[in-house]
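Take a look at the structure below.
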Amino acid sequence: MMFGIFVLVLIVVAALWVMGMYNSLVGSRNEVKNSWSQIEVQLKRRHDLIPNLVEAVKGYMGHERGTLEAVTKARQQAIDVTGGVEERAKVENALSQTLRSLFAVAEAYPDLKANQNFLALQEELTSTENKISFARQYYNDAVLRLNNRIQMFPSNIIAGMFTFQMEKFFEVETPEDRQVPQVKF
Amino acid sequence: MWELVRANQRRAAMLVVVMAGLLFLVGFVLGEALAPGGGTGGLFIAFVIWVVLTLVSYYQGDSIFLTLAGARRIEKKDNPVLFNVVEEMTIAAGLPKLPDIYVIDDAAPNAFATGRDPQHAAVAVTAGLLETLSRDELQGVVAHELGHVANRDVLYMMMVGIMMGTIVMLADVGARVFFYGGGRRRTSSRSGGQGQLIIVIVAIALMILAPIIAQLIYLAISRRREYLADASSALYTRYPEGLASALEKISHSTAKLASANRATAPMYIVNPLAVSERGLSDLTSTHPPTSERVRILRSMGGGAGLKSYDEAFRKVTGRAVGVVPLGSLAAAQAAPAKAAAPADAATRLERVRATTDMLWRLNNYAFIACGCGTTLKVPPAYLGREIACPHCGTVHRVEPTAA
């Protein structure tokens with residue numbers, strides 16, 4: 001009788017533990033999904049802003065056709081991409097790169113720098129760029145937390161039982177992207 | 001970050017219980033001392049006062065506070081940069097909703113956050129802050145404020161503040177009754193004897209000590225929360241230098257915040273009352289000395305995570321125990337700090353102009369672009385009248401503008 005109660009208590013405690021562990025794993029996974037959608041919102045916003053920017057600078061930067069085309073092309077590639085996180089990260093980083101060189105080139109056009117519309121767009125795009133990087137920062141933290149849970153004892157037992165998948169990081173630019181953009185006037 | 005929030009909540013619950021115990025003790029002993037057997041009555045009165053104050057502040061506290069500070073709510077079009085900075089930090093902090101954004105028309109640079117939970121949060125910054133700080137510095141300050149929101153400091157400080165207020169109030173009322181009315185009753189009920197005398201002595205001691213203890217608890221918590229919000233700010237922005245130089249600029253300012261008083265002072269990022277004596281810290285200040293906060297932020301050695309902050313805190317203050325709860329330290333991940341951003345494009349003059357324009361727009365000034373390149377900014381009293389441009393003499397009719 002005593003032994004029966006003891007076993008029963010043990011089973012109940014174990015069940016509660018599994019439940020708690022499972023729920024916190026689901027929580028971590030949802031956190032990752034949630035923060036990924038935040039990145040997507042900002043990426044979408046950037047894609048929407050770029051045509052306005054190109055339109056605004058076209059009149060001033062006739063000679064910089066190459067820079068403008070690079071931005072438009074990178075944007076199209078970013079919209080068309082169908083791959084996973086790694087693929088997305090690559091094309092979006094390339095887009096950031098072209099935008100950065102566009103703004104660097106714009107420094108040479110005082111008229112453009114005085115244009116209110118351009119300044120407002122520049123603020124919006126710079127801020128969207130920041131938002132993407134903060135969303136990525138948050139997403140990567142969430143991924144690290146989930147992946148740690150999946151690998152570390154004892155939560156790895158539950159993760160294995162219910163086949164939780166490790167998620168991929170949204171990587172910062174590759175080393176060659178990190179270089180200062182080369183601007184030729 | 002979650003671990004930090006949870007550790008905060010546990011600690012908060014404990015201190016709320018201690019404060020509540022102190023409050024009810026004061027109520028009970030006071031009632032017992034004034035009328036033998038009146039302890040339960042005193043307890044009941046203390047409880048009612050506390051519940052009413054807590055309910056009022058829970059549901060109305062943020063709007064009362066914002067009104068007291070003279071804050072005005074702004075839209076994105078009023079100040080896109082401030083809005084963007086708050087949006088960025090909302091994302092970095094992982095808050096579910098963008099807080100309402102307010103500005104205070106005051107030249108003293110300062111900021112605070114309010115609201116009982118992240119769903120009802122608001123941040124307010126002064127015009128002086130917008131004029132003084134670069135974008136990176138502003139980001140550090142906003143991140144500090146959102147750190148308060150994410151760590152649930154606002155609700156907690158409010159709860160503890162209300163209890164402190166109730167204790168002070170009860171002690172005050174008790175003292176008055178003793179001196180002006182209680183004396184007679186005490187002599188008439190001398191039959192109560194020794195027991196009653198002891199209770200009266202305890203009551204007097206409590207009335208003197210309880211408010212002091214309550215305030216010390218409150219202030220200690222308040223300072224700790226400031227450190228934690230600084231740590232959160234570094235974590236969110238990954239750029240501790242932004243907040244460090246912002247704090248320096250704020251503390252070097254000599255302007256005094258007109259709308260701050262002792263009740264509202266603990267809410268601000270830098271204590272708005274201690275303009276002259278900043279740098280000194282003692283048990284009676286709500287904020288840690290700014291110079292120390294700056295030194296901690298600058299000693300983080302290239303890191304921006306909670307761990308780096310905790311190490312820097314221990315190094316600078318020489319204290320053995322850090323400021324970040326242990327559970328969250330274990331879960332904290334290393335986070336390298338970002339490199340310095342390129343210098344801000346906007347100069348102070350441009351910021352002052354943009355901020356002033358924003359305040360004028362908020363006050364319904366009409367903006368008229370004259371053909372000669374001048375922008376006329378006309379007070380609302382001139383609406384419907386005609387006005388000549390001071391530079392070229394062109395006459396404009398003042399229409400209500402949408403901008």
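The values are calculated or read from the model by the stated rules, or taken from the named source; none is laboratory data. Keep in mind that this is a model prediction, so the values were computed, not measured. Positions of Cβ are backbone-derived with ideal geometry, glycine not excepted, and every protein chain shown enters the neighbour counts.
Scanning the range A:44-81 for residues that are crowded, with 20+ Cβ neighbours inside 10 Å and within 30 Å of B:K97 (Cα to Cα) yields A:R46, A:I50, A:L53, A:R75, A:A78.
Residues that are out of contact with any helix residue (DSSP H, G or I) (no Cβ under 8 Å at 6 or more places or on another chain) and closer than 29 Å to A:E86 by Cβ: does the range A:53-62 have at least one?
no
Okay, residues lined up against (1) more than 25 Å from B:Y268 (Cβ to Cβ); (2) in contact (Cβ under 8 Å) with a residue 12 or more places away in the chain:
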residue: B:R11; (1), (2): no, yes
residue: B:M14; (1), (2): yes, no
residue: B:A20; (1), (2): yes, yes
residue: B:F24; (1), (2): yes, yes
residue: B:L34; (1), (2): yes, yes
residue: B:L43; (1), (2): yes, yes
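If you go through the range B:71-115 and keep only what is in contact with an Asp or Glu (Cβ under 7 Å, 6 or more places away or on another chain) and part of a loop (DSSP other than H, G, I, E, B), you end up with B:L98, B:G115. Candidates A:R75, A:R29: the one that is modelled with pLDDT of 85 or more, more than 20 Å from B:P80 (Cβ to Cβ) and touching a His at 6+ places or on another chain (Cβ under 8 Å) is A:R75. Of all the criteria given as (1) at pLDDT below 90; (2) touching a Ser or Thr at 6+ places or on another chain (Cβ under 7 Å); (3) not acidic (D, E), the one not satisfied by B:G147 is (1). On the stretch given as the range B:57-95, residues that are polar (S, T, N, Q) and within 13 Å of chain A (Cβ to nearest Cβ) total 3. Restricting B:A108, B:A46 to those that are farther than 25 Å from B:M358 by Cβ and away from every other protein chain (no Cβ under 14 Å) reduces the list to B:A46.
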